[in-house]
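The values are calculated or read from the model by the stated rules, or taken from the named source; none is laboratory data. Everything numeric here is computed off the predicted structure, so don't read it as measured data. Cβ placement follows ideal geometry from the backbone for every residue including glycine, while neighbour counts extend to all protein chains displayed.
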Amino acid sequence: MILASTIERLIAGGDHDRLLDAVLRNGRPIPLQARVRISQPEAIGAAATGLALQRLCELTYAPDARIERCIERICAMQDALEGGFGAVGATAICVAALQKALEFVEGSGIAMSPTTMHRIRASIDRGAHALYEQQASVDGDTPGLIGDEIDTAISLWQLSAMAPSGSLLDLRRARDAMGDSEAGFDHQVDAVIAMGKAPSGGAKIAA
């Protein structure tokens, strides 16, 4: 099992390839197509750090300085204008990670600074809106997808059955679009979608 100290060391060193590999090998195995997608240069930093934050929340008994540093690092990766985290799948992962951290902090009774809490909520809202913009921009035969089929599968895995509070993002429509798609993707995409129903999936964000 990976240790919180190992995650912190890999984050601090910016070793995103090893960080992603370590986190995925510890309870988050995903199909090759999804792994390749979040390993792209525009995605891997945010995706690896977002998944690492999710794992840190599972490994620690209460919010601590490591989690706060990881939150700050993720928020700093967010596009100042568009609100995304470099790629659709990475954005979904980071939104889910920040939501999970928010729930962890609120449930622990150990408060972080009001500035940090505000930054988390604002980052979630902006990231969810960036995903909505991706969904709204898809046309053709499969409206409702969040990016393409792989991006949508990753988003469903991470965000589960509920859309972020206050967001126009429609995950039910995304699931329907996946069912209607004629792209001919293989069973690996279905495996990513199935992970969204598992307890080890991303944050379940209340509507």
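Filtered by the rule that a residue be assigned to a helix (DSSP H, G or I), more than 23 Å from residue 84 (Cβ to Cβ) and within 17 Å of the chain's Cα centre (by Cα), the range 8-31 gives 21, 22. The residue list 111, 122 contains one member that is under 15 Å from residue 78 (Cα atoms) and of a type outside the set (S, T, N, Q), which is 122. Considering only the range 53-75, I want to know if a residue exists there that is small (Gly, Ala, Ser), in contact (Cβ under 8 Å) with a residue 40 or more places away in the chain and at positive phi. Checked against the condition, which is being small (Gly, Ala, Ser), in contact (Cβ under 8 Å) with a residue 40 or more places away in the chain and at positive phi, the range 53-75 yields no hits at all. Does at least one position in the range 130-152 carry a residue that is in a helix (DSSP H, G or I), at pLDDT 90 or above, over 19 Å from residue 32 (Cα atoms) and out of contact with any Gly (no Cβ under 9 Å at 6 or more places or on another chain)? Yes: the range 130-152 contains one or more residues that are in a helix (DSSP H, G or I), at pLDDT 90 or above, over 19 Å from residue 32 (Cα atoms) and out of contact with any Gly (no Cβ under 9 Å at 6 or more places or on another chain).
Among the residues that make up the range 11-21, is at least one of them buried (at least 20 other Cβ atoms within 10 Å of the Cβ) and more than 24 Å from residue 148 (Cβ to Cβ)? Yes, the range 11-21 contains at least one residue that is buried (at least 20 other Cβ atoms within 10 Å of the Cβ) and more than 24 Å from residue 148 (Cβ to Cβ). Close Cβ contacts (under 9 Å, 6 or more residues apart or on different chains) running from residues in the range 100-116 that are more than 17 Å from residue 52 (Cβ to Cβ) to residues that are part of a helix (DSSP H, G or I) and among the β-branched types (Val, Ile, Thr) comprise 111/105; 112/67; 112/71; 112/105; 112/120; 116/71; 116/105. Is the range 77-85 home to any residue that is part of a helix (DSSP H, G or I) and modelled with pLDDT of 95 or more? So far as the range 77-85 goes, yes, one or more of its residues are part of a helix (DSSP H, G or I) and modelled with pLDDT of 95 or more.
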